[in-house]
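Have a look at the structure below, then the notes.
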Amino acid sequence: MPDVGLPADASGIDLDEVDHHGYEPWVFRTLLAELAVGELGISFIYTLLERLAERHDLDDAVVVLSDDAFGTQTFRLGARVEPVDMMTQLGTDPGLYCSPDAVSESEAEAVRAACQLALSLQLARFRAGQDPLTNIANRRNFDQALSVAAGRAARYGWPFTLVLIDLDGFKLINDESGHEFGDYLLRQFGFALRRSMRAGDTPARVGGDEFAVILNNAEGNEALGFTDRLRQQLKSGGVPIDFTVGTSSAPREATDPGELFRLADARLYQRKGGRD
Amino acid sequence: MLRIEEDFELELRSLPGVLNVGFEHDEEGGVTTVTLVTNAPNREEITTVAQQISALYYPEAHVVVDDVNRLTEATLGGRGGARAALVRAECDAQGVCEVVLNYAGRLATGKAPSGPLIGGVEATLGALRQLGFEIPFTLLSVSHMIAVRNWPVVVVLRSTQGGADRFGIAQSDNDVLAASRATLSALNRLPMSARNNGATH
C-alpha cells in the first residue's frame, strides 16, 4: 500500500535534545543493550531495522540519515541494494520508510533518531583514528600503536621494525601539477601501502607526504621485502612516485618509541641526502 | 555483521556522493558483489576508487556502481511502497502557489491562488490528485500556531466521506513550504491508491 507524505519530522531533530523519553521502549532497550557491548555502529542500524521488521512483519524498510560532512546515507533492511526499489523509497528527508506502512509516527521517529545516533558515533570513531584522505591511521592513532608495540618489545621481546617513508619530490609535483593531483598521489600511495601490508601491520600517514609502518615480528630482510612489495604495487598501479625509507628495529636498537622514531628519521634523512 | 565488513562499508560510504551500499555474500559469508548507489557526477572515478577499496578487503568481489539519476520512470512506475515526496513549493508575487511532487519518479505540479497558506495546501492536494491519488478530503483550516516558537503551520483536512478529520503540522521559514509539508503530514500514512493515469512528468 503506498504511503503518502513526509516523515513526521522532515526537518530532522537535534540529537542533543533527545532524551530517552523520546524513544519507544523497545528501541531504547536495544540502544542500551548495544551501547553496553560497544556495538553501536552500522551493524546496530541493520539490527534495529531487522527488529522493526520482525515486530511488524515488514517486507521492506529503509532509513534515510543525514550527516553534515557525510551527506545523505540510506540503510536498507538486510543491507540489500536494489536501485529501482531504492529510488522509490529514497528521499532527501531523513526518515524511516516502510512497506507495508504499519509503523507509528513515534516509533518511526524513534528508530530514525537511534540510527542517526549510531551513525554519528560510528563516524566519530572512524574519523578519530583515520587520515581522511588515505583512510589509513593518522598520527595520533599511530603513536598509540607504536607505544603498544614498543611496550611489548620491552616486556616480552617481541620484535618489530618501524619504517618511516618519505615520498620523493612530492613538494615539486604538488607545486607543478597542483594540489588535486598531489591528493590523488597520496590516495594512491595509501592504497599501495595497504595492499603491501601483511595482516597485523599498521600503516599510517604521519605528515604531509610522510608515512610510517609498524611491521610486527619483522627485522632486516622482512622490512626489505615490504619495500619491494610497495614498489611493485606502485608500479602495477601506475602511480608515478618513488619513496625513501628509514628504519629502526625493536628491541634490538631501542624500546622507547621516541628513540625508535628518532633513529628511523635520522636514517631517512641520511638516505635522502638533503633532497626533498 | 563482521567488523571488517563494517569498516569496508563505512569506507565506501565515505566516498563523495555515495547514498547506499549493499553486499551479496557467498555461502561462507564472503562478499561476492558490492553495489553502490551514488548521485555523484563522476561515476567512473567513484567506480575506480570503490574497486581499489574493495580489492583491499575482498579482492574477488565484483563492484557495481549505480547512478540514482539514471533510473527512469519506466523502471519505477507503478511500484508499491513509494512515497510522494515534496520537490518544490513556492508562490509568486500575486499569491499564486505552485507545488511540485515526485512519486516513484513521476513529477506532478499543482497550482492554486490565495497566498502561501491556503494556496500551499490546495496546490499540494492538486499535485497529489494529478499523480492519481484519490484524496477524500477538503481543506477545513490552515493557520499559524501562534505562541509557539517559529510559528508552525497547522492544516486541518475534513473528510468528504464522513471520516475523521486529519491534522498536519510543519515548520519552515517559508510559509508555502510549511503549508505543503503540513498537508503531506496530515495525509501521511493514509492508505490510498494512485492510478497510473499519466500524471505530468
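A few notes on this one:
- Spacing of the modelled spin labels on A:Tyr269 and B:His144, each 7 Å from Cα toward Cβ, amounts to 6.8 nm.
- Mean Kyte hydropathy of 1.6 or more with a Cα span along the axis of at least 15 Å, helices from DSSP in chain A: none
- Packing-based ranking of A:194-207, B:172-185, B:152-165 yields B:172-185, A:194-207, B:152-165, ordered from highest to lowest mean Cβ neighbour count within 10 Å.
- Within region A:232-275: backbone nitrogen closer than 14 Å to the A:Ser177 label point (7 Å, Cα to C-beta): A:234-235, A:237-243
- Distances between placed amide hydrogens fall under 5 Å for A:Gly169 paired with A:Asp276, all partners being 5 or more residues away or on another chain.
- Vicinal HN-Hα couplings computed from phi for region A:208-215 (Karplus, 6.51 cos²θ - 1.76 cosθ + 1.60; Hz; Gly/Pro x): x, 10, 10, 10, 9, 9, 9, 9
- Karplus-derived 3J(HN,Hα) values for region B:176-182, using 6.51 cos²θ - 1.76 cosθ + 1.60 with θ = phi - 60°, are 5, 5, 5, 5, 5, 4, 5 Hz; glycine and proline are entered as x.
- q = 0.20 Å⁻¹: log10 I(q)/I(0) that the Debye formula gives for region A:87-201, counting C-alpha atoms only: -1.14
- Computed [θ] at 222 nm, deg cm²/dmol, chain A (DSSP H ≥ 4; -39,500 (n - 2.57); rounded to nearest 500): -16000 deg cm²/dmol
- 10 Å binning of all Cα-Cα separations within chain A, expressed as whole percents from 0 upward: 6, 23, 22, 17, 18, 11, 2, 0
- Taking every residue in B:33-40 and counting other chain Cβ atoms within 10 Å of its Cβ, the average works out to 3.
- Partner chain coverage, peptide A:186-196 - average Cβ within 10 angstrom: 2
Rule-based calculations on the coordinates, nothing more; no lab input. Note that the structure is predicted; figures quoted are calculated from it, not measured. Quick reminder, even Gly has a Cβ in these numbers, built from the backbone with ideal geometry, and neighbours come from all protein chains shown.
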